[in-house]
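The values are calculated or read from the model by the stated rules, or taken from the named source; none is laboratory data. The structure presented is a predicted model; accordingly, all values stated were derived computationally and were not measured. Note: ideal-geometry Cβ built from the backbone for every residue, glycine included; neighbour counts use all protein chains shown. Ligands, DNA and RNA are excluded from the accessible area calculation, which covers all protein heavy atoms including side chains. Shrake-Rupley method; radii C 1.70, N 1.55, O 1.52, S 1.80 Å.
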Amino acid sequence: MEKRLREYLRKLALRPLIIPAVLLIVFMCLFGGYLIKTTDRTEGEYEVLITSVTSGVSGKNTCYGRVDDIGKVRVICDEQLNPGDRLKVYASLFEAEKPSNPGEYDYQDYLFRKGIRYILMVEDIKERSQSKVGTGIHHFRYFVRDLIADKLRNTMSEDDLAIVSALCLGDTFMIGDDVRRAFDLSGCSHLLAVSGTHFSSFILIISYAVKDMPYRRKVLIQGVFVITIGFLTGWTESVTRAAFMSMCLLSGKDRLSGMSFSALLMMISDPFCCRTLSFQMSFGAGLGMYLVSEPIKGKTGSSVISCSLASRAVMLPYFLMNGLSIGFSSFAVMALSVLTVQMVCLFFLPGLLLSFISPYMLYPTIMFSRITVMLMDIGEDCYFDSILLRGNKITCFILVACLIAVFLFKKRKIVVSTVSGTVIVILLMMSPALDFDKKVIFLDVGQGDSCLIISGNDTLLIDGGTYEEGSSVLPGVLDYYQIQTIDLAIATHLDEDHIGGIRYLEEQGRVDKIVTSHSDIYGTIGSGNGIKVGDIEFQVLWPVGTTYNGGNPESVVGVLMINGVDIMMTGDIDEESERVMVNSGLVSDCDILKVAHHGSKTSSSSEFLSSVSPEVAVVSVAEYNVYGHPAPETMERLEKVEANVFLTSKNGAIIVKIQKDKYEINCFKE
């Protein structure tokens, strides 16, 4: 062991850039968050220096700046800004919101990894001092961008333009939600950011053309070519990273030194860049191909397969953090999509230049981009039939340690066997096949209600929030839990903040059956009806008799009975409906109560709460609403019955895990 470690240290000594690069990356990943400043300022005047502006074919820009006493900020402004501009503005300063439901994108974490805590929303520019150099360069970039955009628009359909712009230029603004979702579920969302995979295809032709030239001339020509690609693609963040890596790998004496040099250069420019997942995945994939691809190639005989397996082995922890679907079809889609994207990029630049002679020259690019989209559609279908593994930071850290141990001690079979066994056990622990808990998830849909019940492959949805909130929240939640369609949806009544999201799912074909208390379109249910979806039981208590308009007083009230745990769902019933149910003996003790009408003072009477006597009460409510929900009177009545109260506005989604007569509650916003 000591001899092997000494050998690695000797090799590292011959590459002096590796150790400082590794130390700097480790330091920033561990302690970089403490360097981000905080402030109590919100709205007012700010002086900001615009540090970077990225633009694409779509014409939309992403802008970042720096405020002296705050640091880096994300700048949102209606006017066109250029790097180097100094502004005095009146603006609002705020933090990005945390995700409140499973499956939602964590934009706050994305910014925080970039060293950004705040978003600066510019309302008025008081003074502006423009940088002539920055403005001139930016105008040239706009000219190039508009020239490319016009040529592509005249040659391609809108759908083709959107996918080609994303794959070749890193401009994802035109990508539709359905295509973006297909890439996400296929595990190929990283292909929408221009990376080393794309650059290797871009520079393949020029590399072949200059292969016999002297070294310096070769590096110079390839460097000019890489810079040209940067201008063509708008110098987005991913393009800049890929350009740095490509140039440093070209000029470095070996791949590892080149990667270290590019990492140091990028961190000198932006010390926080190494904290981003895109940086870590890019360098992780490169490191994997450097360390592991050759041994794999010796067994597979294919450099393409070996590089794909090697990069994904190193990036396994990152895939697990976001959910990794296991299956032959899923892996085949991911491997083939890398090849088709490389072909798109390979034909793009020659096709773009030759398209000024004939538009048909871009057809190979269009053809392979369409094949890529077809593969994503297949991958999306495979996602729901595959085994989904999802880890946390601890399990992923253990996996990284295991991968390092296997590399260091790959010739010691006992160590390799032990570590491999540990990896298999960890992966099995992540499998949902071992998760016997039934889940009841009170979703955060703002000022509305929505509750998803999951038991194995059986699903029940009670309410779906408004159409707008439901269309924003429900698809991500269903995808997160690998639910393609809901077995049954119950709309407690016909108000928009309860049935809107269900209507959206119906339009998307993601719900099999819908019932409510009053409807000429959907099935109706009332007191005495027992609903069973798999082993999910829902006993309907209210309404009794004929309903007239499906309004608040006639909301469906029922008890979910799951593994001995009773959960009462109450819709928007009022005190009168509660009084009738209590006097009729329809209600009894329950473990968890979904508080009626978002905590309104006209519901949740003392008499009703005493009869139900819940241990836990969940209020589904928006943080800022015009109704004053939850009412102070209601909160006092809940306190008197000693209920533990959770608010979706404060806690995000409330996830109840049930197993063997016991339950535990996890809040998505801890």
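Take G500 and decide whether it is modelled with pLDDT under 90, open to solvent by less than 20 Å² (accessible area, probe 1.4 Å), outside any strand (DSSP E or B) and under 15 Å from G571 (Cβ atoms).
No: the conditions fail for G500.
State which residue is nearest to R128 (Cα to Cα) when the search covers only segment 59-85 and only residues that are surrounded by fewer than 19 Cβ atoms within 10 Å (Cβ to Cβ) and of a type in the set (V, I, T).
Selected residue: I76.
Residues in segment 442-456: is at least one open to solvent by 10 Å² or more (accessible area, probe 1.4 Å), touching a Pro at 6+ places or on another chain (Cβ under 7 Å) and modelled with pLDDT under 95?
no
Regarding segment 554-565, can at least one residue be identified that is open to solvent by 40 Å² or more (accessible area, probe 1.4 Å) and within 22 Å of E642 (Cβ to Cβ)?
Yes - at least one qualifying residue is present in segment 554-565.
Counting only residues that are closer than 30 Å to G456 by Cα, open to solvent by 10 Å² or more (accessible area, probe 1.4 Å) and charged (D, E, K, R), give me the helices (runs of 4 or more DSSP H) lying completely in segment 603-657 with at least 1 of them.
Per the criteria, 648-651.
Contact list please: Cβ distance under 6 Å, first residue in segment 86-110 and within 13 Å of V75 (Cβ to Cβ), second residue of a type in the set (S, T, Y) and part of a strand (DSSP E or B), pairs at least six apart or on different chains.
These pairs meet every condition: R86/S129; V89/Y46; A91/Y46; L93/Y118.
Among the residues of segment 276-298, are any modelled with pLDDT under 70, out of contact with any helix residue (DSSP H, G or I) (no Cβ under 7 Å at 6 or more places or on another chain) and of a type outside the set (D, E, K, R)?
yes
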